[in-house]
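The numbers here are math on the coordinates, done by the rules we state, and not lab data. Just so we're clear, the structure is a prediction, and the values are computed from it rather than from any experiment. Cβ: placed from backbone, ideal geometry, glycine included. Neighbour counts: every protein chain shown.
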């Protein structure tokens with residue numbers, strides 16, 4: 001399975017983008033927040049209800065034109081268990097609407113712990129005789145600093161359940177080079193070595209498009225490095241953050257793709273979910289604004305690549 | 001504040017150890033699981049109730065002799081939001097019992113996302129006019145692969161709320177060297193460079209014992225490297241996993257400490273919470289067994305260091 005399902009959804013809607021569901025409070029239009037606080041008070045429960053309504057509206061507005069959503073765990077954890085319940089509901093709802101769900105959790109831990117994460121996020125948790133699915137995302141993001149034993153438990157679950165993961169290589173944040181770009185190995189960099197490790201870890205899990213179940217995160221904000229990573233990781237599906245608000249352009253992200261617009265997906269969070277802030281309608285039109293922004297992003301990227 | 005509170009708790013009970021609350025299902029004695037499943041069925045709710053009862057019993061048994069507990073988030077996330085609710089309750093209960101709580105979450109993300117994690121785990125989440133504490137741990141573990149902008153938001157929260165964090169340097173798992181021990185910089189290693197970054201990030205947050213709010217994780221399973229890390233990070237409090245079940249010995253962990261047994265805390269999870277498996281009483285005695293194991297661990301480590 002690997003990334004086949006994601007690639008097919010991308011081909012079906014001819015759109016290689018993922019909408020980041022990062023519901024910071026100020027991203028949620030006021031009418032949604034007001035209604036939620038009126039029902040639940042200015043409480044964690046009220047905030048959780050607000051982001052659920054916001055997410056649901058975004059998914060409804062995007063599900064036929066955007067192949068995937070990527071909820072960022074931090075914005076749910078920050079509301080405690082109530083937020084995590086909304087995370088579960090958001091994943092379930094997006095999948096019901098036919099979207100490929102990437103849970104952006106960036107986990108990484110020793111083997112037995114990685115197994116527990118993997119059960120919860122991708123596989124199933126055994127309780128007595130019962131096997132219970134929990135978050136049940138299609139894909140997660142991981143941090144490979146701890147080495148193969150922190151990633152392999154996820155890959156085992158991916159094989160069993162036909163899922164996939166993206167491991168950090170070169171991130172989009174301004175300080176990413178502080179460790180990642182340090183010289184390492186023989187005329188190489190830390191992120192370059194990480195790229196090789198991920199290619200190696202994935203061997204044997206290739207799907208029909210040639211990509212392994214171990215994808216990689218490579219930021220749009222470093223286009224030259226993105227180009228090198230694409231060349232260096234021929235069997236690796238790339239998740240490309242940093243387009244739009246963080247500064248990456250359509251011209252930059254083209255380097256992430258193989259021929260036919262394959263092998264990569266570009267994320268935008270603020271650019272889509274905050275698009276309503278630029279229309280002057282106080283957010284009543286957030287669904288339409290998100291949809292228009294997603295279509296513009298698709299068209300922008302497709303000036304440089306052809307999806308076929 | 002920094003690690004002052006933790007250091008003082010260690011000095012008060014003369015025990016530089018932390019009990020890892022990693023409640024894998026097979027670690028929970030059968031009588032607890034049976035009672036929880038009888039009340040809630042073999043469901044996620046049943047499993048959550050079982051680990052809550054187990055944790056509560058462990059905290060009751062340990063709180064006057066062990067200064068700290070470290071719940072590992074994966075074992076709670078694997079039960080979804082119900083598990084996270086138990087994580088919140090466990091943190092609150094351990095703090096009420098006077099323990100210093102390290103939430104083992106190993107998070108790391110871009111700045112705005114790191115802020116959201118930091119609000120949820122250490123600080124407070126703003127909802128309208130209200131400021132809501134959520135997980136409210138004393139300390140978290142972090143992964144610094146993404147650089148300073150992934151750690152600084154946590155350090156800002158630490159300063160505001162008097163809390164602290166541990167950033168991964170050299171982890172205890174068998175594959176930790178795959179990236180961490182690669183040669184990097186000038187005659188150095190990836191973990192060595194990470195050690196220097198953490199010392200640098202922490203500057204200006206030193207507490208009364210001289211340690212910054214940015215601690216480091218350095219595994220007991222690599223004693224020579226632990227010794228080097230201790231020398232290289234004079235202002236850094238160390239969290240040392242890998243004692244006991246993972247193979248680290250009391251002789252090995254001594255290198256983590258400064259004079260007077262200061263500046264480090266050694267974790268044991270299985271060695272304490274599964275101690276009941278070695279007594280032949282089916283886990284009815286798990287509290288006594290955990291307490292005895294914790295006392296033995298303390299005495300074992302104190303053969304090599306003096307806490308004063």
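Laid out as a table, the results:
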item	result
Average beta carbon contacts from partner chains per residue of B:128-139, 10 Å cutoff	4
From the C-alpha gyration tensor of the stretch B:199-307, square roots of 5λ in Å	30, 14, 12
Per-residue average of Cβ from other chains inside 10 Å of B:188-197	3
D (Stokes-Einstein, µm²/s), Kirkwood Cα radius, the stretch A:1-48, 0.890 mPa s at 25 °C	182 µm²/s
Average partner coverage of B:147-158, which counts Cβ from other chains inside 10 Å	3
Column: log10 I(q)/I(0), Debye, Cα scatterers of the stretch A:4-301, q = 0.09, 0.15 Å⁻¹	-0.42, -1.17
Relative contact order (%) - the stretch A:4-301, alpha-carbon pairs under 8 angstrom, separation at least six	18 percent
7 Å along Cα→Cβ, label-point gaps from residue A:185 to other copies, nm, shortest first	2.0
Largest-first principal axis extents, alpha carbons of the stretch A:17-95, Å	35, 24, 19
Spatial separation of Cα centroids for the stretch B:138-194 and the stretch A:63-82, in angstrom	26 Å
For A:69, B:127, order by how many other beta-carbon atoms lie within 10 Å, fewest first	B:127, A:69
Alpha carbon centroid spacing (whole Å) that separates the stretch A:29-61 from the stretch B:231-257	46 Å
Copy-to-copy label separations for residue A:31, where each label sits 7 Å from Cα toward Cβ, in nm and ascending	5.9
7 Å along Cα→Cβ, label-point gaps from residue A:227 to other copies, nm, shortest first	4.9
Most mobile of A:198, A:32, A:102 in a GNM of chain A (Cα contacts under 10 Å)	A:32
Likely footprinting exposure, B:291, B:303, fewest C-beta neighbours within 10 Å first	B:303, B:291
Principal axes of the protein assembly as shown: Cα extent on each, largest first, Å	69, 58, 45
Gaussian network model of chain A, springs between alpha carbon atoms under 10 Å - residue of A:100, A:209, A:243 with greatest fluctuation	A:209
